[in-house]
Amino acid sequence: MPGLFKRCPLCFKEWLTEDDFLQDRTLMINGYQFAGKQTTPPFPDGYILFTHSVHGCGTTLAVIAKAFKEVDRKKETKHSLSPI
Ligand SMILES: [Zn+2]
């Protein structure tokens, strides 16, 4: 059984992996929500908010930031985004 990274609560679109999710151009990042004072420094828990901008949906998804891989900033930066 394949894993499931995230499911849209409104239209039930499923993303099986983190890469699948991050490469979906219908997801627009729109903010960060701090989870509260109970979280542990130096990396407090929080949620990254995405808007699922497809016809008939448009809801906001909150994905806990820890779900994403940590980026090693010492490595040479490789831009995965297309030029505008
Ligand atoms: Zn959706």
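The values are calculated or read from the model by the stated rules, or taken from the named source; none is laboratory data. The structure presented is a predicted model; accordingly, all values stated were derived computationally and were not measured. Cβ sites come from the backbone with ideal geometry, for glycine too, and all protein chains shown count toward neighbours.
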Q: Output the residue which, of all residues in the range 1-19 that are modelled with pLDDT of 95 or more and of a type in the set (D, E, K, R), is nearest to the ligand (Cβ to nearest atom).
A: LYS13
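To keep it simple, each residue is scored yes or no on (1) modelled with pLDDT of 85 or more; (2) in a strand (DSSP E or B); (3) touching a Phe, Trp or Tyr at 6+ places or on another chain (Cβ under 8 Å).
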position	(1), (2), (3)
GLN38	no, no, no
PRO44	no, no, yes
TYR47	yes, yes, yes
GLY56	yes, no, no
Q | Count of residues meeting criterion [more than 8 Å from the ligand (Cβ to nearest atom) and in contact (Cβ under 8 Å) with a residue 40 or more places away in the chain] in the range 57-70 | A | 4
